[in-house]
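A.B. asks: Structure below; questions to follow.
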Amino acid sequence: MGASGAVYSCCVRALAADSQLTAVHLLAAVVPHSSLPPPLSSSSSSSPTTNIQAHLHSLPLPVAVSLECSPAAAADRNSMENNSVDMKECVANNWKKQVVDLLYWRDVKSTGAVFGATLLLLLSLTMCSIVSVCSYIGLALLSVTICFRIYKGILQAIQKSDEGHPFKQFLDKEVALSEDMVHKYSDMALSKINKSISDLRRLFLVEDLVDSIKFAVLMWIMTYVGSLFNGLTLVILVVVAAFVCPIVYEKHQVQIDHYLALVNNQIKDVVGKIQAKVPGMKRKTE
């Protein structure tokens, strides 16, 4: 069992590398040649993984079970799954770290460029339609790239050099979205949408009277906000707050936490008094 488990471990690694010959030779080391099916031809249309799995399933039952169910095989499968999960978590944590560094102005040049470009785009949308803004941005980018392409072509003709296309390194890069990334973010968006629908149903059907009244008060306040600002102005204010508030809070965290705690306690006291005086406003947990 120990030798079979060790060989199966090597076979799993060979399968991961799509090395058909290595896996078959390793199987042949512990399985008699009479137990193996005829060798696979190079013209076979099936994949190496499928072919080796067919070899495994065609072995005598004791040998196949010892190869497929050994502790080493289970350990290798668990290790590969854990590595995949760790890689996904590492990518997600890296994105979160980049966003935090951007909002907290860790790199002033990068944050300034992103903040300035976003604010300029939003201000442009307040004066022109989105079609005009997109057209102007496209024309500006095309003007720069076409002029640079012509300039490099003339320079290569004068110098009689053959450097090739000036944007070759960018044209050769893969820019397609992977299926795993699309599935991941679509599943995340779907879960958020389903949760939002469930929360809205709970609020509008008054599952909890206090939460529904809070939501009604919020909607009433938003009517006044909507009369003062349009949607694009609110987006601009949110973007400015997203880039300004974190760094301000980081520098004055103690004072801000103190005043926020005072305001929170006052709100809780007022809500508690209202719940005590108005019938039917106490929560179900109470």
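The values are calculated or read from the model by the stated rules, or taken from the named source; none is laboratory data. The structure presented is a predicted model; accordingly, all values stated were derived computationally and were not measured. Neighbour counts run over all protein chains shown; Cβ positions are idealised from the backbone, glycine included.
A.B. asks: Identify all residues within region 111-165 that are under 29 Å from the mean Cα position of the chain (by Cα) and assigned to a loop (DSSP other than H, G, I, E, B); write none if there are none.
C.D. replies: Across region 111-165, there are no qualifying residues.
A.B. asks: Pairs only if they're at least six apart or on different chains, beta carbon under 6 angstrom, first in region 166-179 and assigned to a loop (DSSP other than H, G, I, E, B), second surrounded by 10 or more Cβ atoms within 10 Å (Cβ to Cβ) and not polar (S, T, N, Q); list them, first residue then second.
C.D. replies: Final answer for the pair search is 166/152.
A.B. asks: Checking residue 227 against (1) of a type in the set (Ser, Thr, Tyr); (2) farther than 30 Å from residue 276 by Cβ; (3) surrounded by 10 or more Cβ atoms within 10 Å (Cβ to Cβ), only one condition comes out false. Which one?
C.D. replies: Checking residue 227 against (1) of a type in the set (Ser, Thr, Tyr); (2) farther than 30 Å from residue 276 by Cβ; (3) surrounded by 10 or more Cβ atoms within 10 Å (Cβ to Cβ), the one that fails is (3).
A.B. asks: On to the next question. Which numbered condition trips up residue 62, out of (1) modelled with pLDDT of 90 or more; (2) surrounded by fewer than 10 Cβ atoms within 10 Å (Cβ to Cβ)?
C.D. replies: The failed condition is (1).
A.B. asks: Check 149, 201 and return the single one that is modelled with pLDDT of 90 or more, within 30 Å of residue 276 (Cβ to Cβ) and surrounded by 10 or more Cβ atoms within 10 Å (Cβ to Cβ).
C.D. replies: It is 201.
A.B. asks: Please work out which one of (1) without any contact (Cβ under 8 Å) to a residue 24 or more places away in the chain; (2) under 30 Å from residue 130 (Cβ atoms) is the condition residue 253 fails and give its number.
C.D. replies: With respect to (1) without any contact (Cβ under 8 Å) to a residue 24 or more places away in the chain; (2) under 30 Å from residue 130 (Cβ atoms), residue 253 is out only on (2).
A.B. asks: Based on this model, can you work out whether residue 209 counts as out of contact with any helix residue (DSSP H, G or I) (no Cβ under 9 Å at 6 or more places or on another chain) and at pLDDT 90 or above?
C.D. replies: Taking the combined requirement at face value, the residue does not satisfy it.
A.B. asks: State whether the residues of region 188-199 include one that is among the charged types (D, E, K, R) and over 19 Å from the mean Cα position of the chain (by Cα).
C.D. replies: Our first condition is that a residue be among the charged types (D, E, K, R); within region 188-199, this holds for 192, 195, 199.
Still in the running and over 19 Å from the mean Cα position of the chain (by Cα): 199.
Yes, region 188-199 contains at least one residue that is among the charged types (D, E, K, R) and over 19 Å from the mean Cα position of the chain (by Cα).
A.B. asks: Kindly indicate whether residue 132 is closer than 26 Å to residue 240 by Cβ, hydroxyl-bearing (Ser, Thr, Tyr), touching a helix residue (DSSP H, G or I) at 6+ places or on another chain (Cβ under 6 Å) and surrounded by 10 or more Cβ atoms within 10 Å (Cβ to Cβ).
C.D. replies: Numbers: closer than 26 Å to residue 240 by Cβ: yes; hydroxyl-bearing (Ser, Thr, Tyr): yes; touching a helix residue (DSSP H, G or I) at 6+ places or on another chain (Cβ under 6 Å): no; surrounded by 10 or more Cβ atoms within 10 Å (Cβ to Cβ): yes.
It is false that residue 132 is closer than 26 Å to residue 240 by Cβ, hydroxyl-bearing (Ser, Thr, Tyr), touching a helix residue (DSSP H, G or I) at 6+ places or on another chain (Cβ under 6 Å) and surrounded by 10 or more Cβ atoms within 10 Å (Cβ to Cβ).
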